[in-house]
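Shown next, in structure tokens, is the structure this report addresses.
The values are calculated or read from the model by the stated rules, or taken from the named source; none is laboratory data. In this text the structure is predicted, and so the values were computed from the model without any measurement. Cβ: placed from backbone, ideal geometry, glycine included. Neighbour counts: every protein chain shown.
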Amino acid sequence: MMQLRANMDWMLKDLAEGVPFTRQVVVLSSDGLRMAQYGADTDAADRLAAACAGLQSLAAAVAAEFPHSNGLMRLVVIEINGGFFYLMAAGAGAYLAVLADEGVDAGLMGQRMRDLVARIGEHLSSPPRNDGQAT
């Protein structure tokens, strides 16, 4: 498990350093638990992961309004004063979240996030939780 975490941290660092203006990258489970991070302290990453759990739930509710949707979100982008927030599905029960400053190239960010998810998608999958424990 420690080796897997080190590999994910390195890949998140690669994304952050490969896309200028990236501030923070977090991998989280669907229930809002941080699985890996780069670019912020643990408390900030935990807060972002918890917020993302609610956001992915809202996105799923919106997706359910589309007749041919399976109810799952693939990508959420929010533009805020000062930057952008990206949340991408990254495997069964896992998500990739990125905070970036205003100058970020949105196309490059999307491409690099998709590439990262494709490269390590199986490692980003989070097993279902049973009473707070991974199964």
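Tabulated data
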read-out	value
Where a residue in region 105-120 is closer than 18 Å to A94 by Cβ and part of a helix (DSSP H, G or I) and its partner, wherever it lies, is among the aliphatic types (A, V, I, L, M) and at pLDDT 95 or above, with Cβ under 6 Å and at least six apart	R112/V19
Verdict on L48 being surrounded by 12 or more Cβ atoms within 10 Å (Cβ to Cβ) and at pLDDT 90 or above	yes
Among (1) touching a residue at least 12 places away in the same chain (Cβ under 8 Å); (2) over 19 Å from M109 (Cβ atoms); (3) among the hydrophobic types (A, V, I, L, M, F, W, C), the one test that L58 misses	(1)
